[in-house]
Structure formats: structure tokens, C-alpha cells
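Student: Once you've had a glance at the structure underneath, I'll fire off some questions.
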Amino acid sequence: MSGLCREVITLQLGHYSNFVGTHWWNLQDASLSYDPETPLGEIQNDVVFREGQTLGGHVTYTPRLIAMDLKGSLRTLRQEGSLYDPGKDTSAVTWREGSLMMHKESPPAKNSFLEDLDKLDKGEILAEADFSCSSQPQRSAAASLSVDTVNSRLAQVQKGYRLEGNVKVWSDFLRIHLHPRTISVIHQYNHDGEAHRLEAFGQGEALLQGSVLEDLEDKLHFFVEECDYLQGFQVLCDMADGFAGLGSKVTEMLLDSYSGRGILTWGLAPVSHPNSTPVKDFYHLLNCTLATAHLSSHSSFFCPLTLRGGLGRRPPSPTAFPHLNYDPSLWYHSSSVLALALDALTLPYRLRNNSAPMWQVADTLAVSGRKVVAAYGAVPFPMMHGSSLPDALSACTDALPWKPLSACPESGDGRCYAQWATLKGFEGQRLISDLAPGTKPPSPLHSLHSGEDVLGSYIRSFYPTSPLALRLVATPSKLTPPFPQIFPQSLDDQGFLQSQPPPLGSPASVVSSVPVLTSLQSGPVLGSWLSELHRGASTFDIRRVAPSFLSQGPEMADYEEALEQLRLLSRCYRDDSGGVMRSSSEEDDDD
């Protein structure tokens, strides 16, 4: 399909979801260009961005986004932003009578990246005529330089940024301005501290009423009414805390109010939580279990995204990637890896040509009640600079190059009901072999005549009977400040493997883009994964181990119903012969 823009509205529910979302929006922003001479790209940015106008007539380009978080989670970011009224002093108060005692509190300090953004806004680093970006509304898009020019200049300014010790909340690395209707702050609960924490599923369920519901409905109506061809919603929702309950009610509301639209829900969970305890770990398990049952029921499909080795209380080691040096304990790092994967996973319904609308992606994967899917990713995809796709894949004949992104191991027997695979960022590399006529191909992949055939043939060698949908996109994920530099010296500045290792002691390249290969799968292995999640929550008597979890809702009968729903969901993943890989304990559960 070409030309028609099918809009998507994004909802980010929870602090870690906003971490992942912030990196994801920064990646989208880095690919924007206002230069009228630049050819239209492969990705249709209007799917997730909206064009607006300030009262002064200045053009704006902001995410079609609703982001919900708790009191104290914004730090230096104003809830209404500074896009449409940057000069207003919201702290000014006029007192008509009586005495006044003023208590002045210093605002949180901004890190070096945010300070430089402020200087850019004020024109202290780049001249006004030279600076153009989607986050800068005070100038005409038609008269702007390309975003690439701005990003390169910003990179020169901040080359030495290391924000690992300075990122406390997601707004600490937000590049762009947000629309005034984007952010919703839930004042009933605190982001920090021990008191008034949103820790349990029932707390989140109870939130979607009163002012919170009215605020969400108002924001939804604003964004929906602007859309000409709304294809649906992508929901990023925290799984391990009370936002799981809120997300359950939000997706239920979307399902009731916007029937027929796609609802693709991505459940986010960090590798670790600060100041965790055994009781909190048990809460995290219960929240993830209930989130999986409820969010999958209300969504077109539900995909957990986490770098934890599992969703249980004692998971295996975090996911390791051979060409990444990231710290799993840092939300700033782990969220950046998931955002890179999400950039590829969401591509099929964001393309300008040959796009697949949300409903088509979901219908391909969520067949026969199998609403839960698993994600895998090669971040980055190991492709040698100057080589070809057949060369890269031929080096991975023993095992697929991707790693689990859903705490779900990959099937070892090649059984898979359906799969979507996306390769993004091979720009400048060859998709097929350029062997001279008469030369014997070193592998069957080298004899194929299109990139789709090469990648499809490779994946089918591992999944010979699985239905497979493919998308290949040359445009890479562009990494602009303040994306963390979590890449080894073996990668060049475009994220490709270098043919020769750099000399010892030489400075590492600043990686400005990376290729990524992802896969969304529905297969029998998810049945075992769901059964394991069910058993983890069912092993304990919740009324004895965590009575406070139920005291805030759900009722015990509702909790048991959700566990039964999860058990039945796991049984949907048996193949036609009833032969899903099951342990003896799973067989006992069925009796």
C-alpha cells in the first residue's frame, strides 16, 4: 500500500515503559528530515507523528503519544511542556490579601545533555538559521536544514557525554518536545520513597476512574479525532508493578471504545528493580502473571519485552548479546537495547510502501486464541562491512543470530505456528552475492537473486514448515545523542563488523547507526513458557504469603479466574497432535 497514512496512537504506561519509549522516540526523531529536496524515506513518519501549529503560527511535529507516570517522575520536565507556551512562568502566583511566607526549593539539576539542549533552544550553540529539528517549533520547516546536519553538529558538541551516572528518570535523556496533551501524572502515588507506591495489580485497576479516566479519555479523543485512517494503538505497559493493572483497564477500554482497531501491547519489565526485597519480587511475579492473562485478553496480541532471563523470582542470567557491552542493571542501557529491537519489530505497519496494517500483523500471529507472542533480536545484526547478506547468514548456520527478548527460549525443534521477521539497516551493503559468472556459489544462499529470498531461505532452514512474513528495510536505526555507546571496538561507526580489529589502544568508534534483525513468533514453546509462569504464581498460597496484594484487589475469585485463564491460554499452543513440549508437572496440571 502506498500513499495512504494509517495513523497509530502510542500509549506508554509506567516508568520503564517511558524509558523504552523515550529511546524509541529519540530514534524516530533522528530519522526526520524537513529538507524538501530529500527523497521520501522508506518509513512513513506521519504514522506516529502529528503535525500541529502554535498560536503564533509555527509548525510543530510531535509524537501522537499519551505517556502516564507517577508523581515525581518528571524531574526537570514540565508536564505541559514548553512547546506551545515556552515563555510562561507557571510558578507566578498573585495574592490579593494576607501575609505570605515563601519557601523556595531549588529545581533538580539538569545533566550536561539537557543543558546543551537548553543552549540549542536559545541559539547559544547553533545559529537560529542553522538549527532545525522536530523538537524545535519556532521556525518554518520549509526553510530548514536537514536533521542529519543538526544531529552531526549536536554530536560534535556533546561527543564526551557519559550519562550513565546522571540518568534518574526518562526525561533526563528526552531529545524532543512533547505535545501539551501527552503527559499524564498520577498524583495518588509516588515515583520515589517508601510511601504511596503503586506496587500491586489491584491498585492500578482501581486507578482508571474519576479524574484519571477523564484525563485519559480527553487525551484519547484529541488524538483520535485528528486521525483520518486510525489503524490502532501500540501500548507499552509496565508488567511488574501496579501499572499492569492500569494497563489491563486501559486496553479493555480501548477494546470497548475502538472495536476493529489494532491493539498491539508490549509488556515491559526491567532486568532488576532498585531496593527490591523478597516480598517485592513476589509482587513482581504476581503482577507479570496477571498482566499476561489480562493484557493478552484485551489486545490483538501481547508481547512481553524484557532482557531478564525469565519472569520468575529467580530468573537465569540476563540476555547477553555478542556485540553489545551493556549493563543490564542500568535502565538507561537495557531500555536502549529494547528500543532498538522495537524500532524493527514495529516497522511492518510504519512503512510507506508494502506496509502491513496492525490487524494483518496480529491476524498472522494470533491464530486460534494464541494472543501471546515472543520476540527475538540480533542487536546489532552481525554483518561485516563490505560483505553481503549471504556472507553474514552463512556465518550463522549452526544457530540463529538472534537472542530472546521475551524471556522465552527459542524452540529447538523447528516448530513454529507463524513468524514475522524484519531486517533493518543494511544500507550500503549487498543483499545478494556478486559472484562472477561460472563461479560456484560457496553456499545455496549465494545463488539466490533477492534479499527476501536469501533471508527467507535462511530462516526456513531452521523453521521448515512455519508460515513466514518478511520485511527488509535499508534505513538503519540512527543513534544520536544521548543514546548510550554500548558497542565494542569490533564495530565501525555504522554498526558493521570490521574486517580488521582496530589497533590496541585506539579510541572506539562512535557508532551512529546499527543494523537490527528481529523476529516475532507464535509457537509451541510459548505453551511451556505460559505454564511455567502459571506454576510460579500457583505454587504459593497468596493469602498467606502476600495478603496485602489481595487487600487492594483483585478479589480472590478474580485472581483464581485469571490463573485459570492463563492455564487455558497455555493449552492453545499445543500443535495439532497435542504434542507441545511439556514436562510431567504440566501433564499433572491438565488432570
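Derivation of every value follows stated rules applied to the coordinates shown; laboratory data play no part. Owing to the predicted nature of the structure, the values given are computational and were not obtained by experimental measurement. When we count neighbours, we look across all protein chains shown, and the Cβ atoms used for this are built from the backbone with ideal geometry, even at glycine.
Student: Rank-order 237-244, 317-324 by packing density, defined as the average count of other C-beta atoms within 10 Å over each peptide's residues, highest first.
Tutor: Working: 237-244: 28.8, 317-324: 16.1.
Descending mean neighbour count gives 237-244, 317-324.
Student: Would you mind counting up the charge near Met253? Only other residues with Cβ under 15 Å from its Cβ, with Lys and Arg at +1 and Asp and Glu at -1. Please list the in-between numbers first.
Tutor: Working: positive: Lys219, Lys249, Arg261; negative: Glu205, Glu214, Asp215, Glu217, Asp218, Glu252, Asp256.
That sum, taken over residues with Cβ under 15 Å, equals -4.
Student: What net charge is computed for the residues neighbouring Gly242, neighbours being all others with C-beta under 10 Å from the C-beta of Gly242, Lys and Arg scored +1, Asp and Glu -1? Write out the running numbers ahead of the final one.
Tutor: Values: positive: Arg197; negative: Glu199, Glu205, Asp238, Asp241.
Around Gly242, the surrounding residues sum to -3.
Student: Starting from the exponent 0.38 and prefactor 2.2 Å, build the expected Rg for the stretch 324-398 from its residue count and divide its actual Cα Rg by it. Each step should come with its number before you reach the end.
Tutor: Values: Rg = 15.9 Å, N = 75, 2.2 N^0.38 = 11.3 Å.
It is 1.40.
Student: Just to confirm my numbers, what's the Cα centroid distance between the stretch 174-248 and the stretch 345-414 in Å?
Tutor: So the separation of the two Cα centres works out to 29 Å.
Student: Strictly greater than 19 Å: what percent of every Cα pair in the stretch 273-424 meets that? Intermediate results must be reported in sequence, preceding the final value.
Tutor: Values: 7092 of 11476 pairs.
Every Cα pair in the stretch 273-424 considered, those over 19 Å come to 62 percent.
Student: Local charge sum around Glu226 (other residues, Cβ-Cβ under 10 Å, Lys/Arg +1, Asp/Glu -1)? Walk me through the numbers on the way to the answer.
Tutor: Details: positive: Arg50, Arg64; negative: Glu7, Glu51, Glu225, Asp228.
Residues near Glu226 contribute -2 overall.
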